Structure formats: structure tokens, C-alpha cells
1. Could you tell me whether residue 305 is part of a helix (DSSP H, G or I) and more than 21 Å from residue 269 (Cα to Cα)?
2. List the residue pairs whose Cβ atoms are under 6 Å apart, where the first residue sits in the stretch 317-335 and is touching a residue at least 12 places away in the same chain (Cβ under 8 Å), the second is in a loop (DSSP other than H, G, I, E, B) and surrounded by fewer than 16 Cβ atoms within 10 Å (Cβ to Cβ), and the two are 6 or more positions apart or on different chains.
3. Being over 23 Å from residue 80 (Cβ atoms) and outside any helix (DSSP H, G or I) narrows it down to one of 178, 113, so name that one.
4. With (1) modelled with pLDDT under 90; (2) surrounded by fewer than 18 Cβ atoms within 10 Å (Cβ to Cβ) as the list, and residue 260 as the residue in question, which single condition is left unmet?
5. Taking residue 267 as the residue in question, decide whether it is surrounded by fewer than 24 Cβ atoms within 10 Å (Cβ to Cβ) and either under 30 Å from residue 216 (Cβ atoms) or out of contact with any strand residue (DSSP E or B) (no Cβ under 8 Å at 6 or more places or on another chain) (or both).
6. How many residues, within the stretch 272-298, are crowded, with 18+ Cβ neighbours inside 10 Å and closer than 27 Å to residue 34 by Cβ?
7. Just give me the residues in the stretch 299-327 being closer than 16 Å to residue 262 by Cα and either under 20 Å from the mean Cα position of the chain (by Cα) or surrounded by 24 or more Cβ atoms within 10 Å (Cβ to Cβ) (or both), in sequence order.
8. For the stretch 329-358, how many residues meet the condition of being farther than 14 Å from residue 152 by Cβ, at pLDDT below 90 and touching a helix residue (DSSP H, G or I) at 6+ places or on another chain (Cβ under 6 Å)?
């Protein structure tokens, strides 16, 4: 080994690299946020237009979520073996390629190419979420919630701007001889590619590889970050993220279709989705501080309450009430934010640098697959029943988190008593 590898890493060096890592992750997340907004905003509308059926409008969300599941696993494996820089760089590059494919598919009116491209496009979504772990690799247990929040809030700028550019991007696409709904995917192709390049070039030293060196030197320095309830904590975090993802994706996917059925224009759809995405990411600094100060369980309970309220408001909102639809979707985004940060912090608490990327990748696969299933079923539920039925189902599903958190708390109490015996 070289002297660089074996030299002890000071707390000051760790903090310096952590601050640089957060700046680079923030840049990548701003660009990545602009890329993910395309599929969320017009994916269902593009599918409805090309397939000429509402029942399959949830298929794009399912496809790019399935693609994100595979990408989460692959990004996790590449990160495990080669570090965050390689894994995240390749993931965003794949997302950019998929977005470009969607543009070509729309131009050629090719449904098979659309399906394949949406699947590949999902890599960008997975990578955007995986980047939150890079921001926390070098964080201490007392600051992990805030580190995750920095990565998430940075997504806001691009993710909120993207939906509000739907109309001008549509005009740009039309001017290029493309369907208007292909416009946002033009932005996604450029944004994802730029995010991948930025992380690949700038994420040095690699935070995960450095965290492993710090972990390896602990016996020599006697420094320990704190107890890690490996397994139980990670399982609870995974459950929180899976259930919040199912609730959020189902309602978010069909809201643009519901709005168009009630004669809302693309500008109004873009406004609703942009405010929804703002609520998903913008509160993150406060949310992360709550997770660190009051505990992950408190934040998870808040997620349950807010998601249930979102479903009730959406169910009661008249179809022509833009204001109430905005309230429902902002509550939906806020509840997802609470659940994602609480769940992510629990997963980080329950893993070590040696196995963290692989475990995180596998958990994000579950999150993505649950979102894919929710995307497909949301269209079916609305086609068979109606939109309010879908929203109430989401509210009820959020309540499933209650027994999960009680189970985790009970197991934690048992483990604490045993450690004191």
C-alpha cells in the first residue's frame, strides 16, 4: 500500500473532503433534478397520446421506475467496487441516453422504442436518489440527516424549473419538428449527461473510498462513530421508503391525467407538478435537522400523517379546483420528503462503509419496484374506478407504516435491555 492509503486521516481532513463532496453533489443534483422532471410531468401524457388509451397512462412511470430499479442495483454494485464517482457518473450518463431515446421515439411515433428508452431513462432517477448516500458517506451520525437533506434540496432548483419550462420546451420541440411533449426530454438528455460528467470529473477524492479508510483506522485511533443496529434499523428504513414511494408515485402519476380530464392546460399541470416537486425537496434542510435532533421515528410518523392528509384532500377536491389539487400534491411531496429522509438515515445508521453501497442499492431496488407497481396500478384503478378511489387507497396505505415503526421500536427496546443486562 502507498503512504497515502495507510496514513491516518484526521477529523479536519474528513470535514474538508465532506464539504467539497457536498458541493459537488449539489451541482450534480441541480442538473439531475432538471432531468427527472420530464418523466414526472409529461410521461403519462406522452404515453396516453401515443397509445391512445388512458388505462396505460401509468405505464411510463412503471417503465422508468423499473429501469431505475435495475440501475439502483448496478449503481450500488459499481459504487461498492469502484466508489461513488464511477457509479454515479455512469448512472446519470445512462439516464441521458434514455431521455434522448424518448425524443427519437416521439419523433418516429415508435412505441417499442419509447418503452425501451423510458426504461433506460429510469437510470437517471435512480442515480439522483443514490447521490444522497454520497453526501452522507463522510457525515457523522449526528449530522447524517442534514447531509442527506443537502443532497435532496439541491434537486429542487432543476426539478422545479423543469415542469415550468414545459410550454417553452414544447414550443422548442415543435420548432424542431418534434411533438411538443418531447420537449422536456430534450432538457433531460442534456441535464443528465452534464450531471454525470460533473460527478465523474469532480467527485475526488471519492467519499466512499475515504470513508472505508477512516473505518479501517478506527482500531488504531479508538474512535467510533456510535452504535449501529445493523439489519433491524436498515429494514425499518427500507419499509418507510417503500411505502412512501408507493403512495407518492400512484397519486403523482395520475394527477396530470386527472387534470387534463377536467380541462386544465399544460401550464397548470406544470405548475402543480413543480410545486409538488418543490415540496418533495425544498423542506429538506429542516427535515434533516428534525431527523438529527428528534430522531428518525418522529419524522417517519410525521410522514404518515401528511401522506394520509394528502390523500383525503385529493379525494375531496373538485376536479376543477386548481388550488386544492396544489395543496394535495404539495402535501404528497412533503410526506414523501419526510419518509425518504427518515428512511435513508435509518439505512445509513444500520450499515457500515464496507457493505453500505450494496445494501443501499438493493433497498433502492425495492423502492423502485414498488414505485413501478404503483405506477401501473394507478392507471388501472383510475380506469376501473376513479381518481378519488386512488387517493383514498394511498391514504390508507400510508397507515401501514404504523405497525412497522412499532415493530422497530419494540425490537430496539429489547436490544437496549439485553445490552444493559
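1. Details: part of a helix (DSSP H, G or I): yes; more than 21 Å from residue 269 (Cα to Cα): yes.
So residue 305 fits the description; yes.
2. Pairs that qualify, where the first residue is touching a residue at least 12 places away in the same chain (Cβ under 8 Å) and the partner is in a loop (DSSP other than H, G, I, E, B) and surrounded by fewer than 16 Cβ atoms within 10 Å (Cβ to Cβ), are 319/262; 320/262.
3. Numbers: 113 fails: outside any helix (DSSP H, G or I).
Answer to the check: 178.
4. The one condition residue 260 does not meet is (2).
5. On the way: surrounded by fewer than 24 Cβ atoms within 10 Å (Cβ to Cβ): yes; either under 30 Å from residue 216 (Cβ atoms) or out of contact with any strand residue (DSSP E or B) (no Cβ under 8 Å at 6 or more places or on another chain) (or both): yes.
Judged against the criteria, residue 267 is a match.
6. Filtering the stretch 272-298 for residues crowded, with 18+ Cβ neighbours inside 10 Å gives 272-284, 287-288, 290-292, 296-297.
Within this subset, residues satisfying the condition of being closer than 27 Å to residue 34 by Cβ are 272-284, 287-288, 291.
Number satisfying all stated conditions: 16.
7. Start the filter on the stretch 299-327 by keeping residues that are closer than 16 Å to residue 262 by Cα, which leaves 314-326.
The answer is 314, 325.
8. 8
The values are calculated or read from the model by the stated rules, or taken from the named source; none is laboratory data. On a predicted model such as this, the values are computed, not experimentally measured, just so you know. Glycine also receives a Cβ, built like all others from the backbone with ideal geometry; neighbour counts cover every protein chain displayed.
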